[in-house]
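Data block below; observations after.
Please treat every number below as a calculation from the coordinates, not as lab data. Since the structure is predicted, the reported quantities are computational estimates derived from the model, not experimental observations. When we count neighbours, we look across all protein chains shown, and the Cβ atoms used for this are built from the backbone with ideal geometry, even at glycine.
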Protein chains: 2
Amino acid sequence: MTYKAINFKDKFSKFSDHWSPRVIAEMNDYQFKLAKVEGEFVWHDHPDTDEVFIVIEGELDIEFRDGAVSLTSGELFVIPKGVEHKPRAIRECKIMLVEPKGVVNTGDTGGELTAVNDIWV
Amino acid sequence: MTYKAINFKDKFSKFSDHWSPRVIAEMNDYQFKLAKVEGEFVWHDHPDTDEVFIVIEGELDIEFRDGAVSLTSGELFVIPKGVEHKPRAIRECKIMLVEPKGVVNTGDTGGELTAVNDIWV
């Protein structure tokens, strides 16, 4: 039989809201999620896990309490567990997140930007 | 301070051999690895873990005992644990692998294509 690859562009075409990650794949107990982001997110951390950001299209800045990192298309950054961070994008940016299943986007911070978890696209 | 993102193009420029994954990042006990592949790999499986293939540039086919999947740039596929697979690329293809630290590229099959593990670039 012919299996079908997961195409990022196709998956991104299926949703438009910001800061609301969509699961596209699972590997063991980890998930790959796509998100469209624009503007400022909230300060938060994930006390139990590292988190990977990969920029698929656009530009993303991630602020830390002691600095920042800028990512563009084809770049990856690992946020170590427990490190407070605040992503922001001046224009819409398309990203992929890799993290264990069950991680909430706002960590322990909560608030109105907290997305429903485990939504597949 | 200014942190530095991991740039795929930059990392790919630092090695040229085929079927020899280079680690670029760790997330918990998982690794992100880049590889250049060309030609046929060997049939193998990873009995204890799923494995993610992402094509960064080029085209990759992965054969299974019951079929195949074709991936191009911007596509992802999860090989379930224990499923025999044989990647092949007609022309050089640049890929990213995501899997637990310690996974050997040829699984239990071994042979001359078995790469030294945990080599960072």
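Just so you know, in region A:1-16 the residues that are facing chain B (nearest Cβ under 10 Å) and of a type in the set (Lys, Arg) include one that is farthest from the chain's Cα centre (by Cα), and it is A:LYS4.
Within region B:73-102, the set of residues being in contact (Cβ under 8 Å) with a residue 60 or more places away in the chain and either of a type outside the set (D, E, K, R) or within 17 Å of B:PHE32 (Cα to Cα) (or both) comprises B:LYS94, B:ILE95, B:MET96, B:LEU97, B:VAL98, B:GLU99, B:PRO100, B:LYS101. In region A:55-75, the qualifying residues are those that are assigned to a strand (DSSP E or B) and of a type in the set (D, E, K, R), and the one that is nearest to A:LYS11 (Cα to Cα) is A:GLU57.
Name the residue that is surrounded by the most Cβ atoms within 10 Å (Cβ to Cβ), counting only residues in region A:17-72 that are within 10 Å of the chain's Cα centre (by Cα) and basic (Lys, Arg). Top of the filtered list is A:LYS33. Screening B:GLY102, B:GLY111, B:GLY82 for residues that are closer than 21 Å to A:GLU99 by Cβ and part of a loop (DSSP other than H, G, I, E, B) leaves exactly one candidate, B:GLY102. The residues of region B:1-54 that are among the acidic types (Asp, Glu) and either on the phi > 0 side of the Ramachandran plot or in a strand (DSSP E or B) (or both), listed by number, are B:GLU26, B:GLU38, B:GLU40, B:GLU51. The set of residues from region B:22-73 being under 23 Å from A:PHE53 (Cβ atoms) and charged (D, E, K, R) comprises B:ARG22, B:GLU26, B:ASP29, B:LYS33, B:ASP50, B:GLU51, B:GLU57. Report, by residue number, each residue of region A:22-47 that is within 14 Å of chain B (Cβ to nearest Cβ), over 17 Å from A:ILE79 (Cα atoms) and touching a residue at least 40 places away in the same chain (Cβ under 8 Å). If the condition is that a residue be within 14 Å of chain B (Cβ to nearest Cβ), over 17 Å from A:ILE79 (Cα atoms) and touching a residue at least 40 places away in the same chain (Cβ under 8 Å), then A:ARG22, A:VAL23, A:ILE24, A:GLU26, A:ASP29 are the ones that fit.
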